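Report on the structure given below.
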């Protein structure tokens with residue numbers, strides 16, 4: 001039976017972290033596999049009461065390994081630290097504000113033991129209660145060994161909580177290989193590429209069953225447009241360049257569109273940023289790429305509205321449009337039917 005570390009990078013989310021730890025305790029009690037699972041938390045120098053609350057947490061199911069960084073080493077640095085200190089066969093990265101669904105741990109352990117993959121992925125639900133799955137394979141455990149297909153599958157899965165990877169001791173060459181990706185916001189993906197590169201035949205296990213979900217505050221975000229802008233750099237990893245050499249260039253344009261969409265959603269109020277001033281600064285410095293914008297009129301319109309500070313007019317237009325649309329629908333519902341027609 002494979003051993004598993006659930007590793008949780010955290011920062012200023014004491015209450016959500018405790019909710020997740022309680023969630024894990026319930027799952028371990030139900031699956032009776034606590035002896036195969038370790039829980040590691042790395043507190044990225046939180047300024048709230050995370051340390052105090054974790055110290056008061058007691059579990060009958062597991063012993064908690066808590067680490068506190070002396071300074072904030074960034075999200076990628078925290079992920080890297082947790083991977084290196086884990087001592088189990090597999091490492092499951094899990095965000096402090098996500099939630100395990102019933103049976104998640106036992107299902108993951110079964111997949112790891114049955115398939116013994118390099119990486120395991122599963123369906124993630126967002127928002128909570130959604131019926132839309134990330135994957136829809138007929139078998140409980142789908143198995144992929146084609147490198148190109150694995151890479152493209154990773155491109156569909158941007159949630160860190162979906163990733164369970166094999167633990168390896170990184171050698172000097174692999175550490176040097178990963179250095180350019182320590183601060184791109186998606187370090188765990190490049191780590192997975194390095195793990196895959198150690199195999200002649202890479203392996204990915206996919207569980208179509210939803211095993212985790214976001215909470216109700218998924219509209220709140222902690223990152224800015226620059227994270228989206230550099231997301232394509234993930235695909236500059238040597239492993240990707242060997243199998244899909246044009247992938248980074250392909251995703252660079254879509255990353256540009258995604259950054260515009262993110263800024264527009266924040267200014268529109270659909271997403272809430274912890275640092276609104278950061279968005280104001282990035283909107284001001286965000287550059288026009290005519291060759292890309294002429295191919296995407298929607299992105300062009302959104303960027304112009306952002307630069308001209310006219311998003312409020314678009315918001316007002318949408319409210320008026322929604323009002324009249326709703327009024328028309330209500331009138332149709334109450335309009336008397338004429339049986340002669």
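The values are calculated or read from the model by the stated rules, or taken from the named source; none is laboratory data. Computed from a predicted structure; not experimentally measured. Every residue, glycine as well, gets a Cβ built from its backbone with ideal geometry; the counts of neighbours run over all protein chains shown.
Listing for the model above:
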read-out	value
Any hit, the range 135-142, residues being in contact (Cβ under 8 Å) with a residue 40 or more places away in the chain, over 17 Å from the mean Cα position of the chain (by Cα) and surrounded by 18 or more Cβ atoms within 10 Å (Cβ to Cβ)	yes
Scan of the range 141-158 for residues that are at pLDDT 95 or above and part of a loop (DSSP other than H, G, I, E, B), ordered by number	141, 145, 146
Residue tally, condition surrounded by fewer than 16 Cβ atoms within 10 Å (Cβ to Cβ), under 26 Å from residue 11 (Cα atoms) and without any contact (Cβ under 8 Å) to a residue 12 or more places away in the chain, over the range 238-279	2
Enumeration of residues in the range 92-110 that are more than 24 Å from residue 80 (Cα to Cα) and either over 18 Å from the mean Cα position of the chain (by Cα) or not assigned by TED's automatic domain parsing to the domain that holds residue 11 (or both)	102, 103, 106, 107, 110
Hits in the range 1-38 - residues which are under 22 Å from residue 73 (Cα atoms), touching a residue at least 60 places away in the same chain (Cβ under 8 Å) and out of contact with any strand residue (DSSP E or B) (no Cβ under 9 Å at 6 or more places or on another chain)	13
Qualifying residue in the range 66-88 (condition: over 25 Å from the mean Cα position of the chain (by Cα), loosely packed, with under 15 Cβ neighbours inside 10 Å and in a helix (DSSP H, G or I))	no
Any hit, the range 33-41, residues being more than 24 Å from the chain's Cα centre (by Cα) and in a loop (DSSP other than H, G, I, E, B)	yes
Looking only at the range 200-221, and only at residues there that are part of a loop (DSSP other than H, G, I, E, B) and modelled with pLDDT of 90 or more, the one that is farthest from residue 270 (Cα to Cα)	200
Single unsatisfied condition, residue 110 versus (1) surrounded by fewer than 22 Cβ atoms within 10 Å (Cβ to Cβ); (2) under 27 Å from residue 21 (Cα atoms); (3) in contact (Cβ under 8 Å) with a residue 60 or more places away in the chain	(3)
Candidates 202, 210, 238, filtered to the one that is under 27 Å from residue 144 (Cα atoms) and not assigned by TED's automatic domain parsing to the domain that holds residue 82	238
Single match in 178, 109, 120 (criterion: in contact with a helix residue (DSSP H, G or I) (Cβ under 7 Å, 6 or more places away or on another chain) and within 26 Å of residue 229 (Cβ to Cβ))	178
Long-range neighbours under 8 Å by Cβ, at least six apart or interchain, first residue outside the structural domain of residue 195 (by TED's automatic domain parsing) within the range 167-184, second part of a helix (DSSP H, G or I) and surrounded by fewer than 12 Cβ atoms within 10 Å (Cβ to Cβ)	none
Candidates 23, 30 - the one that is over 21 Å from the mean Cα position of the chain (by Cα) and more than 29 Å from residue 202 (Cβ to Cβ)	30
Subset tally (residues that are surrounded by fewer than 17 Cβ atoms within 10 Å (Cβ to Cβ), within 26 Å of residue 106 (Cα to Cα) and in contact with a helix residue (DSSP H, G or I) (Cβ under 7 Å, 6 or more places away or on another chain)) for the range 143-175	2
Some residue of the range 46-53 being in the same structural domain as residue 182 (by TED's automatic domain parsing), touching a helix residue (DSSP H, G or I) at 6+ places or on another chain (Cβ under 8 Å) and within 22 Å of residue 189 (Cβ to Cβ)	no
Selection from the range 282-298 of residues that are farther than 24 Å from residue 218 by Cβ and outside any loop (DSSP other than H, G, I, E, B)	284, 285, 290, 291, 292, 293, 297
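Listed here are the residues, each with its yes/no results for (1) in contact with a helix residue (DSSP H, G or I) (Cβ under 9 Å, 6 or more places away or on another chain); (2) in a helix (DSSP H, G or I).
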residue	(1), (2)
223	yes, no
226	yes, yes
235	yes, yes
240	yes, yes
245	no, no
250	yes, yes
253	yes, yes
256	yes, yes
